[in-house]
Structures are given as C-alpha cells and as structure tokens.
Amino acid sequence: MVEYKPIRKVVSGNYAAAYAVKHARVQVVAAYPITPQTSIIEKIAEFIANGETDIQYVPVESEHSAMAATIGASATGARAFTATAAQGLALMHEMLHWASGARLPIVMVDVNRAMAPPWSVWDDQTDSLAQRDTGWMQFYAENNQEVYDGVLMAFKVAETVNVPVMVVESAFILSHTYDVVEMIPQELVDEFLPPRKPLYTLTDFDNPISVGALATPADYYEFRYKLAKAHEDAKKVIKEVGKEFGERFGRDYSDMIEKGHVDDADFVFMGLGSLMGTVKEAVDLLRSEGYKVGYAKVRWFRPFPREELLEIAEKVKGIAVLDRNFSFGQEGILFNEAKGALYGTGARPIMKNYIVGLGGRDFTVRDVRAIAENMKEIIESGKLDREVEWFHLKR
Amino acid sequence: MIEVRFHGRGGQGAVTAANILASSAFKEGKYVQAFPFFGVERRGAPVTAFTRIDDKPIRIKTQIYEPDIVVVLDPSLLETVDVTAGLKDGGTVIVNTEKSKDEVLKELKKKPAKLALVDATTIALEVLGLPITNTAILGAVAKATGIVGLDYVKEAIKETFSGALGEKNAKAAEEAYNKTVVYEL
C-alpha cells in the first residue's frame with residue numbers, strides 16, 4: 001500500500017466538494033446553478049476545462065432536469081453527481097423518489113439554504129430535512145474536511161447498498177468559508193473507492209432491464225420493504241466504511257453520532273452540521289468552568305442512528321436538541337425524530353428543543369452558554385420550562 | 001487564536017484580502033479560516049470579511065465580534081462604520097488613508113493600542129493602475145502585526161493572481177510594507 005501523505009489546501013466547503021467529486025472519479029455531473037451551490041459546479045467545470053478530469057458535464061435547464069439526467073447517467077452504470085440548494089432541491093423533489101426507488105447510488109451535495117419566502121440565501125436545514133421521506137440517506141458535514149470526506153464515503157456507501165446519498169453542508173458558513181482541508185492523493189482514493197460495479201445497467205444489451213416500470217399491488221409493497229431494509233443494512237456499511245476511512249486516512253467516521261464527553265455529562269447538546277463546531281468550542285469552555293456537558297453530533301440523519309442515540313440517552317439526564325430547522329405545526333425536526341426514537345426504550349432524559357439560527361442567524365458560543373445555563377436549571381429543578389424554545393426571538 | 005476583521009467596499013477585494021491573509025498564514029504552518037460577512041454584496045457598499053489564525057484546527061463557525069486586528073481598506077468608511085466595534089484591548093487598527101495619525105484617531109470610537117497607516121490607494125494606482133487596495137494593505141498587515149511574513153504574503157498573492165498581475169500585486173504589498181507607519185499608542 002502507498003504511504004498516505006495528505007495534500008493540505010485552503011479551500012471553501014464548495015471547493016472541497018468539487019475536489020472530492022474529481023478524486024472520486026465521477027463520470028457524469030448534471031447540474032443547474034443556484035446560490036450558494038454555484039461554486040461547486042463552477043469548480044468542476046474549471047477542472048474539466050483544464051483537462052484535469054474527463055467528467056461528462058450536462059448543463060440542464062432546471063434542477064428537476066438535473067436530477068433526471070443524473071438518474072439516467074446512474075442507470076447506465078456511471079458514477080453520477082449533482083448539487084443544489086433550497087428551492088432547487090424542492091424542485092427536484094419528485095425525481096428524488098425516482099432515484100431512490102430505482103436504487104441508484106447517486107451522490108448529491110445540498111448546500112443548506114433557507115426556503116423562501118421571505119427570500120434568503122443563508123443557512124437553514126429545513127430544505128434537506130423536508131426531503132426526509134424520499135428514501136435518500138443524509139450525511140451532515142460539520143466542516144470543509146467533512147464535506148470532502150463525506151462525498152468520498154458517500155459514494156462507497158451508496159454503491160454498496162444501492163441507495164442515493166445527500167451530503168449536506170451549510171450555506172456560506174461552510175460553502176464560502178476557506179479552511180484547511182487534507183486531501184487524499186488520487187491513487188489512495190482509487191484504492192478506497194474503486195470503479196463502480198453496478199448490478200444492472202440500462203446499457204447491458206445482453207441482459208436488458210427496465211427501470212421504473214409498473215408494480216401492481218402484488219409487488220409494490222415488497223419494493224418498499226427492500227428500500228426500508230437497505231436503509232437498515234446501510235447502518236453496518238456506514239460504520240464499516242467510516243472505520244476503513246479512519247484506518248486509511250486517520251479520520252474515523254465509524255460512529256453515526258460523534259460523541260464528546262458523554263460518559264460523565266449531565267446533559268449533552270445534540271445537533272446537525274456546522275453549528276456543532278461552535279458547540280464543541282463552547283463545550284470545552286463550559287467544562288473548564290465546571291459544567292458537566294457534552295455533545296452528540298448527528299452525522300447521519302438517514303438512516304437514523306436510533307441505537308447510538310439510545311446509548312447516549314441512557315447515560316445523561318438531559319438532551320438539548322438544537323434545530324436550525326422547523327416542521328410547522330409541530331417542532332424542530334431532529335427533536336421530533338429523537339423523541340420518537342426513544343419512545344418505548346425506557347430511556348427518559350429531559351429533552352428540550354432550541355430553535356436556532358434559522359435563515360443564517362449567527363449561532364455563537366455565547367448562545368451555547370445561555371442554553372447551558374437554562375438546561376442546568378431545568379435538570380436541577382426537574383422542571384421543563386417549555387418543550388420548544390424559539391431561542392433568538394426578538395421580544 | 002488571532003481574529004482579523006476587514007472593512008472595505010464591494011469591489012475593493014476585502015474578501016480576497018481575507019483569503020490571501022489566511023493562505024499566507026497557512027504557508028507558515030498555521031490553521032486558518034477566512035470568510036465574508038454573510039450579507040448581500042453590492043459594489044460600493046460597506047463589506048466585512050474575516051480571517052482566523054490559530055496553532056490548532058479552528059472549530060468555531062461564527063462571525064468575529066471581538067477582533068484582535070481591524071483592517072480598513074477604504075478611508076471613507078471611518079465616517080460611516082464603527083470599525084473599532086468590539087476591538088479587543090491591546091488591539092491593532094490598520095487604515096488605508098492619506099490622513100495623519102491624529103486625524104484618524106479622531107474618527108475612531110475606540111483608541112487602539114497600535115495604529116498603522118499607509119496610503120495604499122496611491123500605491124495601488126502607481127503599481128497596478130487601479131485603486132484596488134486589497135493586496136497593498138496586506139503588506140501593511142505584515143509590517144504592523146507580524147502575524148505573517150511579507151514573503152509568505154507575496155507568495156500567496158502570486159498564487160491568487162497568476163503571471164504579471166501576481167508580480168504587480170506582490171510589488172504593491174512590498175511597497176506598502178515599506179511605507180507603512182506604525183504608532184504604538
């Protein structure tokens with residue numbers, strides 16, 4: 001095996017995604033520009049123009065067509081990629097079902113952007129979480145390194161279980177922020193991620209298949225079960241791929257929930273994506289001041305890591321769930337999922353939902369401290385003041 | 001961790017300056033982070049950009065509220081923007097201006113511990129033929145703060161702008177380095 005010497009570069013989250021696409025030897029990219037995703041596909045176009053990659057780039061007239069073309073490419077056996085954000089992802093919604101239902105291992109980057117109106121280009125997780133039930137797996141990146149690593153792992157996981165993966169990063173906070181990323185030399189990426197070996201392809205004319213054909217009530221049900229089972233089976237694959245990635249490149253992703261200081265914490269902060277970087281910084285500060293706090297960063301939202309969540313819930317007295325998203329008429333989406341997953345397990349930590357950072361409002365170390373003080377009071381008194389708190393609300 | 005806030009106007013290259021500063025520090029083996037204020041940019045409107053530099057990976061993902069160093073690319077901003085907002089005690093302010101120390105101090109709401117002045121606009125006009133001050137001002141940052149060496153700044157500039165353009169911009173940074181006057185207050 002070639003010795004691993006990383007190539008360190010200062011790149012934006014979007015460029016990290018583009019480099020990962022190149023290093024994954026993606027064969028087809030079909031995409032339509034939308035802020036803040038555009039610099040991903042611009043960078044890929046630049047790689048193609050420079051002759052650094054032989055990716056087939058398909059410019060299309062909408063995100064719906066972008067996903068349709070990506071589906072077509074993937075059905076021929078190609079490794080295919082696209083990227084979008086917010087309204088663009090919403091426009092893809094119909095085709096997302098076609099991708100997962102046809103069991104095509106597409107990888108897409110969604111740059112979390114608030115849904116309009118009111119018009120906004122800033123960070124908000126509701127766009128991706130609203131695609132929860134489309135049958136796609138979802139990986140949330142905390143930083144630019146995880147965007148790069150996430151895309152590489154996503155292809156391996158997707159192609160093992162034949163389910164598409166959405167790699168999610170934050171608008172501007174990652175997409176347009178420059179940060180140090182360790183990239184992997186091409187020959188070592190090739191060892192980790194060999195060419196795709198599709199089970200069936202549209203272009204295997206000796207073994208013709210049809211994709212997306214009619215399934216009557218006699219069969220449709222089993223198709224759904226198989227997709228459901230693929231998600232459950234994917235958990236093992238995700239852990240194995242994450243472990244292998246760690247062994248090869250030094251960054252371990254074998255846990256679907258990254259945990260910090262959980263074993264001796266009174267309560268933990270739980271959340272998705274970039275806001276957890278700020279939480280980690282705050283947790284170190286709070287611990288130095290005597291707070292018994294930890295964190296649980298949910299890397300994979302689909303499949304949902306119920307088992308790992310239960311392990312955490314059995315250890316702590318409280319969980320502060322930070323949602324940069326909202327399901328209207330209910331509560332924060334991660335909060336809702338986490339509570340649901342724990343019902344019937346016997347684990348009963350006090351859980352409180354903090355709605356934070358919608359539409360890119362800054363979520364700071366000071367905010368984490370305020371939440372910690374509130375959680376401490378709740379746990380000491382045993383009284384939950386309210387279940388869902390709109391934390392930044394101007395009063 | 002050192003936190004730097006750049007104030008410029010849309011089109012002056014404050015965001016590029018923040019990125020080049022980060023690349024320079026990265027070349028010296030530091031961990032870095034550079035990003036624009038996540039606002040709506042228009043040519044001529046006030047723009048903010050940020051750089052963080054540290055010896056360890058940077059996890060925090062918020063804007064910078066209490067900078068160690070403030071860099072002002074456009075002299076007219078002193079009248080309209082509180083550029084010293086949140087400046088740490090002991091902090092440094094670097095201003096592109098033709099004004100004197102006393103004139104600039106009158107316009108700052110908070111007195112910094114160190115003030116560095118350079119007429120980067122004139123240098124940019126002479127060397128580049130354009131009033132774009134983002135590369136020249138980085139020479140002043142190197143001189144006034146020592147957080148990055150001039151050689152690394154020039155190298156990062158040449159990587160950002162290729163060929164003759166890179167050489168010219170590196171020269172602008174060097175001229176500014178030589179002409180920056182630093183006042184300990």
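The values are calculated or read from the model by the stated rules, or taken from the named source; none is laboratory data. Just so we're clear, the structure is a prediction, and the values are computed from it rather than from any experiment. Cβ: placed from backbone, ideal geometry, glycine included. Neighbour counts: every protein chain shown.
Looking at the stretch B:67-81, can you tell me whether even one residue there is closer than 18 Å to B:Pro131 by Cα, among the polar types (S, T, N, Q), surrounded by fewer than 20 Cβ atoms within 10 Å (Cβ to Cβ) and more than 14 Å from every other protein chain (Cβ to nearest Cβ)? Looking for residues that are closer than 18 Å to B:Pro131 by Cα, among the polar types (S, T, N, Q), surrounded by fewer than 20 Cβ atoms within 10 Å (Cβ to Cβ) and more than 14 Å from every other protein chain (Cβ to nearest Cβ), one finds at least one in the stretch B:67-81, hence yes. Taking the stretch A:158-181 as the range and being more than 14 Å from every other protein chain (Cβ to nearest Cβ), touching a strand residue (DSSP E or B) at 6+ places or on another chain (Cβ under 6 Å) and β-branched (Val, Ile, Thr) as the test, the residues that pass are A:Val163, A:Val165, A:Val167, A:Val168.
Yes/no per residue for (1) away from chain B (no Cβ under 14 Å); (2) not charged (D, E, K, R):
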| residue | (1), (2) |
| --- | --- |
| A:Asp264 | yes, no |
| A:Val268 | yes, yes |
| A:Ser274 | no, yes |
| A:Gly277 | no, yes |
| A:Glu281 | no, no |
| A:Leu285 | no, yes |
| A:Gly290 | yes, yes |
| A:Trp300 | yes, yes |
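With respect to (1) without any contact (Cβ under 8 Å) to a residue 60 or more places away in the chain; (2) touching a helix residue (DSSP H, G or I) at 6+ places or on another chain (Cβ under 6 Å); (3) within 14 Å of chain B (Cβ to nearest Cβ), the lone exception for A:Ala313 is condition (3). A search for C-beta distances below 8 Å between a residue of the stretch B:70-99 that is among the charged types (D, E, K, R) and any residue that is part of a loop (DSSP other than H, G, I, E, B) and crowded, with 24+ Cβ neighbours inside 10 Å, counting only pairs 6+ apart in sequence or on different chains, returns B:Asp74/B:Gln12; B:Asp74/B:Thr133; B:Lys88/B:Pro67.
To keep it simple, each residue is scored yes or no on (1) of a type in the set (Asp, Glu); (2) surrounded by fewer than 22 Cβ atoms within 10 Å (Cβ to Cβ); (3) within 22 Å of the chain's Cα centre (by Cα); (4) not assigned by TED's automatic domain parsing to the domain that holds A:Leu275.
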site	(1), (2), (3), (4)
A:Lys297	no, no, yes, no
A:Trp300	no, no, yes, no
A:Gly346	no, yes, no, no
A:Met375	no, no, no, no
A:Asp385	yes, yes, no, no
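Checking each residue in the stretch A:101-130 for being of a type in the set (Ser, Thr, Tyr) and surrounded by fewer than 24 Cβ atoms within 10 Å (Cβ to Cβ) picks out A:Ser120, A:Thr126.
Of all residues in the stretch A:122-143, those that are within 13 Å of another protein chain (Cβ to nearest Cβ) and closer than 24 Å to A:Lys156 by Cβ have Cβ atoms under 6 Å from Cβ atoms of residues that are crowded, with 24+ Cβ neighbours inside 10 Å and polar (S, T, N, Q), 6 or more apart or on another chain, in A:Glu142/A:Ser274. Looking only at residues in the stretch B:29-47 that are surrounded by fewer than 23 Cβ atoms within 10 Å (Cβ to Cβ) and at pLDDT 95 or above, the one that is nearest to the other protein chains (Cβ to nearest Cβ) is B:Tyr31. Listed by position, the strands (runs of 3 or more DSSP E) contained in the stretch A:220-310 that have at least 2 residues being in contact (Cβ under 8 Å) with a residue 60 or more places away in the chain and under 20 Å from A:Thr345 (Cβ atoms) are A:267-271, A:300-302. Scanning the stretch A:46-84 for residues that are in a loop (DSSP other than H, G, I, E, B) and out of contact with any helix residue (DSSP H, G or I) (no Cβ under 7 Å at 6 or more places or on another chain) yields A:Asn50, A:Gly51, A:Asp54, A:Glu61, A:Thr76, A:Gly77, A:Ala78.
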